[in-house]
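A.B. asks: To start, I am sharing the structure in question, which I have written as structure tokens.
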Amino acid sequence: RGKRAFIAGVADDQGFGWAIAKALASAGAEILVGTWVPALNIFESSLRRGKFDESRKLANGSMFDIAKVYPLDAVFDTPEDVPEDIKNNKRYAGSSKWTVQEVAESVKNDFGSIDILVHSLANGPEVTKPLLETSRKGYLAAISASSYSYVSLLKYFAPIMNPGSSSLSLTYLASERIIPGYGGGMSSAKAALESDTRVLAFEVGRKHGIRVNTISAGPLRSRAAKAIGFIDKMIEYSTANAPLTKELDSGDVGNAAAFLSSPLASAITGSVVYVDNGLNAMGLAV
Ligand code: NAI
């Protein structure tokens, strides 16, 4: 039987989530995705209208399919956690069962189990503000959407993950080096995500035999990155200063994710794996 993957954080064909879905599909996996509730309608209609057909093409000429798109808001663990204003929000009221617990339950009912879990989502409402000017609310929101969301996903999905399964998230160098402009507590959220990668690797490794890694990716012009506002500068900085001067392709991260999700990586867990053209290794820009 082929492997089945659930990828949380796909709402268009521009980000890392899509590239990971494509690389896993290319390696023969069945693809399920979790899409942020407010982005669900446009993503599904774009899919239906063929807007992503060009990027659905695999190297062998066939097009990969997404077996099912699940609405998801990874900021909420159970229905009891959803406040009234969200429940009654027009963009949420049209969908149901989108808390983490309910999505895991639905995947279990629909497919039984998965082999690969990918967390490719982040949100920091105050990301454009320096840390010193970030509110407590904004900081905690960044941690909730970008870090705890992963703890929660793994908590609810681990019981339906087959032995030997693999789990992945996406992180960024700003967790360990100063990247002015990556604010709002997002640098803190990535530091938490990387630390949690180690602790969770131990906990779900011992309990379920699941591996947990995170890919520290170089800059990509995704929807989320464009919202931060300095992505062109980051790409320029990387091509000028990294050991490899090519621009990062989302497929580079997709391929690394496919490797880490495969038995080829069966002894790799608790790791931060850099897929950034080597930029992290530089100490002095030349
Ligand atoms: P993206 O915009 O393609 O992906 C982010 C996704 O998160 C979107 O689909 C958005 O709808 C979803 N999302 C936001 N809040 C959510 C919530 N509460 N529940 C469910 N989904 C939610 O952008 P990108 O850049 O591909 O981001 C994927 C991951 O890669 C993120 O963790 C990001 O921090 C990381 N990353 C991105 C880099 C870049 O330069 N683009 C560099 C290094 C890491």
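A.B. asks: Amide H to amide H, which residues 5 or more places from Thr171 or on other chains are under 5 Å from it, using H placed in the peptide plane?
C.D. replies: The list, which skips near neighbours in sequence, is Ile215, Ser216, Ala217.
A.B. asks: Over region 127-231, what percent of the accessible surface lies on carbon and sulfur atoms, probe 1.4 Å? Spell out each step's value before the answer.
C.D. replies: Working: 2770 of 4740 Å².
With neighbouring chains kept in place, the figure for region 127-231 is 58 percent.
A.B. asks: Using 0.36 nm per residue of separation minus the Cα-Cα distance, give me the extension gain between Ser95 and Asn41 in nm, one decimal.
C.D. replies: Taking Ser95 through Asn41 to full extension adds about 18.5 nm, to one decimal.
A.B. asks: What FRET efficiency, computed as 1/(1 + (r/R0)^6) with R0 = 25 Å and r the Cβ-Cβ distance, is obtained for Arg198 and Asp249, rounded to the nearest 0.05?
C.D. replies: Step by step, r from the Cβ atoms, then E = 0.30.
A.B. asks: When the convex hull of the C-alpha atoms of the chain is computed, what volume per residue in Å³ does it have?
C.D. replies: Numbers: hull volume 38.8 nm³, N = 286.
Expressed per residue, the convex hull around the Cα atoms of the chain is 136 Å³.
A.B. asks: Just the projected area, averaged over all directions, of the convex hull on the alpha carbon atoms of region 1-118: how many nm²?
C.D. replies: Value for region 1-118: 7.5 nm².
A.B. asks: How many Å² of accessible area per residue for the chain, probe 1.4 Å?
C.D. replies: Result: 48 Å² per residue.
A.B. asks: Go ahead and set up a Gaussian network model of the chain, Cα springs under 10 Å, then flag whichever of Lys155, Lys87, Lys97 fluctuates most.
C.D. replies: Lys87
A.B. asks: Still on this structure: Divide by every residue of the chain the summed helix terms, -39500 (n - 2.57) for each DSSP H run of at least 4, and state the resulting mean residue ellipticity at 222 nm, rounded to the nearest 500 deg cm²/dmol.
C.D. replies: -11500 deg cm²/dmol
A.B. asks: Top mean-square fluctuation among Tyr70, Tyr172, Tyr156, Gaussian network model of the chain, C-alpha springs under 10 Å?
C.D. replies: Of Tyr70, Tyr172, Tyr156, the Gaussian network model singles out Tyr156 as fluctuating most.
A.B. asks: Among all helices in the chain defined by DSSP H, which have a length of 18 Å or more along the axis from Cα atoms plus a Kyte-Doolittle mean of at least -0.5? Before the final figure, lay out the partial values.
C.D. replies: Details: long enough: 186-208 (30 Å, -0.27).
Membrane-span-like by this rule: 186-208.
A.B. asks: Separate question: Step through the residues of region 222-230 one at a time and calculate ³J(HN,Hα) from phi using the Karplus curve (6.51 cos²θ - 1.76 cosθ + 1.60, θ = phi - 60°), rounding each to whole Hz and writing x for Gly and Pro.
C.D. replies: In residue order, the calculated couplings are 7, 4, 4, 5, 5, 5, 6, x, 10 Hz.
A.B. asks: Given the convex hull of the Cα atoms of region 130-225, what is a quarter of its surface area in nm²?
C.D. replies: Averaged projected hull area, Cα only: 6.7 nm².
A.B. asks: Want the number for Phe259 to Ala240: 0.36 nm per residue separation, take away the alpha-carbon distance, what's left?
C.D. replies: 4.1 nm
A.B. asks: Related question: Region 111-151 to region 244-269: how many Å between their Cα centroids?
C.D. replies: What the calculation gives is 22 Å, centre to centre.
A.B. asks: Among Glu102, Glu84, Glu30, which one shows the biggest mean-square fluctuation in a GNM of the chain, springs joining Cα atoms closer than 10 Å?
C.D. replies: Glu84
A.B. asks: Once the whole set of protein chains is in place, how much accessible area is left on Ser62, using a 1.4 Å probe, in Å² to the nearest 10?
C.D. replies: Surface open to solvent at Ser62 totals about 50 Å².
The values are calculated or read from the model by the stated rules, or taken from the named source; none is laboratory data. Quick caveat: nothing in here was measured; it's all calculated off a predicted structure. FYI the Cβ positions are ideal-geometry reconstructions off the backbone, even for glycines, and counts take in every protein chain you see. Areas reflect the complete protein model, heavy atoms only, side chains present, ligands, DNA and RNA absent. Shrake-Rupley method; radii C 1.70, N 1.55, O 1.52, S 1.80 Å.
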